[in-house]
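A quick write-up on the structure given underneath.
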Amino acid sequence: MTKNTLLNDLNLQQREAVTHTNGPLLVLAGAGSGKTKVITHRFAYLNTAHKVPPASILAMTFTNKAAGEMKERIESFTGKSTNGLWIGTFHSLSARILRKEIDTLGFRKDFCIYDDDDSGSLIRTILKEFRIHEALYKGILSKISSLKASLTGPEELLAGEDSYGFDEKFARVYVRYQDELRKNNALDFDDLIMFCVRLFERHPAVLKKYQKEFSHIMIDEFQDTNVSQYRLARLLSSKDKNICVVGDDDQSIYKFRGAEVKNIHLFKKDFSKTKVIRLEQNYRSTQNILNIADSVIARNPSRMPKKLWTERGAGEKVYYCIASNELEEARYISRLIKELYLKGKYSYKDIAVLYRINQQSRALEEALRDNGQHYRIFGGISFYQRKEIKDIISYLKVIANPDDTVSLKRIVNCPPRQIGAATITRVESESRKREESLYRTMKYILRSNAHTAALKDKISGFADIMDELIAHRDSPLPDLIKLICDKTGYLDWIGEEKADNVTELINLTGGKDIGGFIDLASLYSGMEEACEDDAVSLLTLHSAKGLEFPVVFITGLEDGLLPHFHAIKDPEELAEERRLFYVGVTRAQDFLVLTGARKRRLYTSLQEQQPSRFLADIPAGCYRCVEKRPKTDKIAFQTVQRSGDILGTSPFVTGSRVKHPKWGIGVVRDSYGETDDVKVMVNFPSVGIKRLSLKFANLEKI
């Protein structure tokens with residue numbers, strides 16, 4: 001593709017971002033503004049117009065799905081394969097560097113990567129040994145992940161004056177966890193980036209080598225970077241400063257994972273000659289949807305302002321339905337989905353229902369099932385997380401790295417070999433004495449005269465199988481998996497249905513080497529699996545990031561849910577909740593429906609709910625309102641429209657100021673109901689929100 005052809009389908013701002021090739025560049029890309037298009041066109045432009053070798057461009061993103069899309073687009077532009085290029089996720093590219101250089105940090109290059117399950121298993125073992133309640137493992141694992149994201153290893157934790165607010169027991173667990181990882185020649189997800197940063201900071205010659213290799217660096221979804229990821233990017237780009245970051249501070253919603261929205265602001269400070277380009281033309285949504293999003297996000301302080309606009313026109317009005325409870329809310333959603341489906345314009349897979357917490361899905365699932373509507377919970381169990389797949393991959397991990405104790409413990413009695421907990425405890429005890437892995441300790445026990453014949457008999461069969469499998473390590477991967485199944489009798493043990501999944505795994509491994517495949521499986525996220533079925537998608541607002549649907553429902557528009565009650569008293573947390581709402585709204589292409597309930601069962605108790613404060617930020621006329629009453633079984637699309645027409649003629653529209661004879665001046669937050677009984681919700685500074693009937697309230701418009 002020629003230089004001119006590359007630029008033809010870009011708007012002026014996109015073209016400016018693509019052609020700015022020297023020096024630091026910050027592209028503030030609003031939702032649906034074509035940021036991936038900019039990155040892929042820029043990659044191709046560097047290659048075609050400036051003759052930059054593709055292998056000299058480092059392009060980092062956050063998900064395998066995004067990386068795959070990036071590779072496909074670049075291949076379509078250049079006509080060349082992207083195999084071997086430095087395009088991928090932060091974690092996969094860091095792993096690739098460490099595969100070449102990690103011996104400098106004292107690890108072997110055949111290290112294994114622990115996923116969350118593996119890390120959790122190791123933490124539970126440590127807690128059991130320390131006699132700490134095992135149920136705490138998730139919280140401890142989360143704390144460790146947060147510390148690593150901020151580049152705080154055990155050494156830094158112990159050296160800190162206040163130990164970063166963590167107690168001595170936690171510090172002991174963290175130290176032991178890292179020691180066990182090293183003994184197993186293993187790294188967890190967060191280690192991949194933290195160790196890469198350590199590698200570059202402690203070994204300047206290695207850093208210089210990669211700075212020379214990468215003449216240009218591009219980062220997608222920059223607002224989602226944490227401290228360690230940003231430090232890695234700064235190190236690699238500190239020589240030539242040819243770094244382009246694309247992101248949107250309004251879509252930073254992963255603070256709980258360590259993401260730092262302030263990195264976007266720091267970038268301009270750290271790279272003083274940064275050029276800033278704003279992408280504000282939206283290609284996804286209609287203007288009515290964008291107006292809702294902009295009106296809410298505009299209330300956030302310290303944001304980099306953007307005003308999204310589109311050539312798609314105003315589109316359908318946005319609808320807001322308030323129901324009596326979560327069951328009525330779910331039934332309304334199900335009926336409206338049915339009507340949209342029967343009209344033939346949308347299929348089920350065009351529709352998504354978003355919610356703040358997973359608990360909200362229960363009522364939705366029940367309503368969809370009652371109406372015979374297909375649905376799927378987005379981000380269910382990944383293929384690579386199925387037990388039978390994890391088992392086979394654990395065999396492969398031990399074959400590739402016999403010191404991987406966590407994987408060995410998973411398969412030692414799988415299928416059952418009468419190696420019970422007591423036997424494993426004895427081997428583990430000997431392992432700690434010898435400071436060796438479980439596999440090496442088993443081999444020692446079989447050679448030693450100091451152990452009983454009964455113990456040797458229990459472990460000898462397993463050790464013999466593993467010795468044979470390890471000897472065939474270099475066999476083609478499909479053949480190796482078949483050998484695992486043959487020698488262990490695994491397929492007979494799991495049954496025909498699960499055996500089909502193992503067969504699929506064998507088909508997936510053709511042409512792959514054992515190390516590369518293990519890394520792929522370990523780094524793969526179940527959230528990224530595609531679903532071709534015609535089914536309504538149910539997913540959390542956090543899971544919706546990066547997706548788009550013609551029709552979107554956002555449920556639970558209530559204070560305490562959206563925004564979440566944890567965030568209401570914290571300005572920073574509340575700002576993130578606004579961003580979360582903004583992300584949800586901008587997933588919608590054609591039609592957006594907002595819903596809420598007056599009462600909702602949350603955490604076993606039935607609670608009175610107040611409408612979300614975000615609704616008060618939406619200007620009058622941006623949405624139409626309908627009240628779902630329990631006795632009214634049918635609320636059709638036309639009913640919603642009639643209610644909307646009432647709003648258009650009522651003087652008490654959202655945002656108008658009114659005066660009440662008792663409570664004084666207030667602001668209308670909502671208006672709904674039938675012609676003869678219109679109700680309004682008014683926020684009075686003196687008493688809070690009140691729901692009033694216009695027939696009796698004696699309100700005066702001011």
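Considering only residues in the stretch 173-194 that are within 21 Å of T63 (Cβ to Cβ) and without any contact (Cβ under 8 Å) to a residue 60 or more places away in the chain, the one that is most open to solvent (accessible area, probe 1.4 Å) turns out to be D190.
Whenever a residue of the stretch 249-276 is closer than 18 Å to R231 by Cβ and at pLDDT 90 or above, its partners that are part of a helix (DSSP H, G or I) and open to solvent by 20 Å² or more (accessible area, probe 1.4 Å), lying with C-beta atoms within less than 8 angstrom and at least six residues away or across chains, give the pairs D270/R234; T274/K268. When L547, L580 are checked against the criterion of being surrounded by fewer than 17 Cβ atoms within 10 Å (Cβ to Cβ), out of contact with any helix residue (DSSP H, G or I) (no Cβ under 6 Å at 6 or more places or on another chain), touching a residue at least 60 places away in the same chain (Cβ under 8 Å) and not in a strand (DSSP E or B), L547 stands alone in meeting it.
For the stretch 265-280, residues that are open to solvent by less than 40 Å² (accessible area, probe 1.4 Å) and out of contact with any strand residue (DSSP E or B) (no Cβ under 6 Å at 6 or more places or on another chain) total 1. Between residues in the stretch 51-75 that are within 20 Å of A233 (Cβ to Cβ) and residues that are at pLDDT below 90 and surrounded by fewer than 17 Cβ atoms within 10 Å (Cβ to Cβ), which pairs lie under 6 Å by C-beta distance while being six or more apart or on different chains? These pairs meet every condition: T63/E528; N64/E528.
Selection over the stretch 553-567 of residues that are within 23 Å of the chain's Cα centre (by Cα) and surrounded by fewer than 20 Cβ atoms within 10 Å (Cβ to Cβ) gives a count of 5. With respect to V38, determine if the residue is out of contact with any Lys or Arg (no Cβ under 6 Å at 6 or more places or on another chain), in contact (Cβ under 8 Å) with a residue 12 or more places away in the chain and not in a helix (DSSP H, G or I). In short, no.
A quick yes/no check of all residues on (1) part of a loop (DSSP other than H, G, I, E, B); (2) in contact with a Pro (Cβ under 6 Å, 6 or more places away or on another chain); (3) open to solvent by 40 Å² or more (accessible area, probe 1.4 Å); (4) modelled with pLDDT of 95 or more:
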position	(1), (2), (3), (4)
C196	no, no, no, yes
K208	no, no, yes, yes
R231	no, no, yes, yes
K241	yes, yes, yes, no
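Inspection of the stretch 163-170 finds no residue satisfying the criterion of being in contact (Cβ under 8 Å) with a residue 24 or more places away in the chain, closer than 27 Å to G23 by Cα and either open to solvent by 10 Å² or more (accessible area, probe 1.4 Å) or out of contact with any Asp or Glu (no Cβ under 8 Å at 6 or more places or on another chain) (or both). A count restricted to the stretch 117-140 and to residues that are touching an Asp or Glu at 6+ places or on another chain (Cβ under 8 Å) and open to solvent by less than 30 Å² (accessible area, probe 1.4 Å) stands at 5. Among the residues of the stretch 49-74, those that are hydroxyl-bearing (S, T, Y) and within 22 Å of the chain's Cα centre (by Cα) comprise T61, T63. Residues in the stretch 15-53 that are open to solvent by 30 Å² or more (accessible area, probe 1.4 Å) and among the polar types (S, T, N, Q): T19, N22, T48. With the checklist (1) touching an Asp or Glu at 6+ places or on another chain (Cβ under 9 Å); (2) open to solvent by less than 10 Å² (accessible area, probe 1.4 Å) in hand, flag the one item R99 doesn't pass. Answer for R99: the failing condition is (2). The number of residues in the stretch 418-433 that are open to solvent by less than 40 Å² (accessible area, probe 1.4 Å), part of a loop (DSSP other than H, G, I, E, B) and farther than 16 Å from K128 by Cβ comes to 1.
Rundown of residues vs (1) modelled with pLDDT under 95; (2) on the phi < 0 side of the Ramachandran plot; (3) of a type in the set (D, E, K, R); (4) surrounded by 20 or more Cβ atoms within 10 Å (Cβ to Cβ), yes/no style:
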| residue | (1), (2), (3), (4) |
| --- | --- |
| Q385 | yes, yes, no, no |
| Y395 | no, yes, no, yes |
| P416 | yes, yes, no, no |
| E435 | yes, no, yes, no |
| M442 | yes, yes, no, yes |
| L446 | yes, yes, no, no |
| D457 | yes, yes, yes, no |
| S475 | yes, yes, no, no |
| K487 | yes, yes, yes, no |
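Taking (1) within 20 Å of P301 (Cβ to Cβ); (2) in contact with a strand residue (DSSP E or B) (Cβ under 7 Å, 6 or more places away or on another chain); (3) crowded, with 22+ Cβ neighbours inside 10 Å in turn, S285 satisfies each apart from (1). Scanning the stretch 297-320 for residues that are crowded, with 23+ Cβ neighbours inside 10 Å and more than 17 Å from C625 (Cα to Cα) gives I297, L308. Reported count of residues in the stretch 496-515, each being in a loop (DSSP other than H, G, I, E, B) and open to solvent by 30 Å² or more (accessible area, probe 1.4 Å), is 4.
Looking for something within 23 Å of P301 (Cα to Cα) and either in contact with a Leu (Cβ under 6 Å, 6 or more places away or on another chain) or open to solvent by 40 Å² or more (accessible area, probe 1.4 Å) (or both) - is there at least one such residue anywhere in the stretch 592-610?
Looking for residues that are within 23 Å of P301 (Cα to Cα) and either in contact with a Leu (Cβ under 6 Å, 6 or more places away or on another chain) or open to solvent by 40 Å² or more (accessible area, probe 1.4 Å) (or both), one finds none in the stretch 592-610, hence no.
Screening the stretch 367-408 for residues that are among the polar types (S, T, N, Q) and over 14 Å from Y114 (Cβ atoms) and picking the one that is nearest to the chain's Cα centre (by Cα) gives S382. When E221 is tested against (1) surrounded by fewer than 22 Cβ atoms within 10 Å (Cβ to Cβ); (2) at positive phi; (3) of a type outside the set (F, W, Y), exactly one condition is not met: (1). Hey, does the stretch 58-75 have a residue that's open to solvent by 10 Å² or more (accessible area, probe 1.4 Å), of a type in the set (A, V, I, L, M), more than 25 Å from K269 (Cα to Cα) and not in a helix (DSSP H, G or I)? No, the stretch 58-75 contains no residue that is open to solvent by 10 Å² or more (accessible area, probe 1.4 Å), of a type in the set (A, V, I, L, M), more than 25 Å from K269 (Cα to Cα) and not in a helix (DSSP H, G or I). Does K169 meet the test of being in a helix (DSSP H, G or I), closer than 16 Å to R99 by Cα and either of a type outside the set (S, T, N, Q) or at pLDDT 95 or above (or both)? The answer is no for K169. Of all residues assigned to the stretch 248-258, at least one qualifies as being within 11 Å of L26 (Cα to Cα) and either within 21 Å of the chain's Cα centre (by Cα) or of a type in the set (S, T, Y) (or both).
If the condition is being farther than 19 Å from S252 by Cβ and part of a loop (DSSP other than H, G, I, E, B), then the stretch 285-313 contributes S285, T286, T310, E311, R312, G313.
Picking from residues in the stretch 325-375 that are aromatic (F, W, Y) and outside any helix (DSSP H, G or I), the one that is most open to solvent (accessible area, probe 1.4 Å) is Y375. Given the criteria over 25 Å from A186 (Cα atoms) and part of a helix (DSSP H, G or I), does L491 qualify? Here the answer is yes, as L491 does meet what is asked.
The values are calculated or read from the model by the stated rules, or taken from the named source; none is laboratory data. Because the structure is a prediction, the values reported are computed rather than measured. In this analysis, Cβ positions are derived from the backbone assuming ideal geometry, glycine residues included, and neighbour counts consider all displayed protein chains. The protein model used for the area step is the full one, side chains on, heavy atoms only, and it has no ligands, DNA or RNA in it. Shrake-Rupley method; radii C 1.70, N 1.55, O 1.52, S 1.80 Å.
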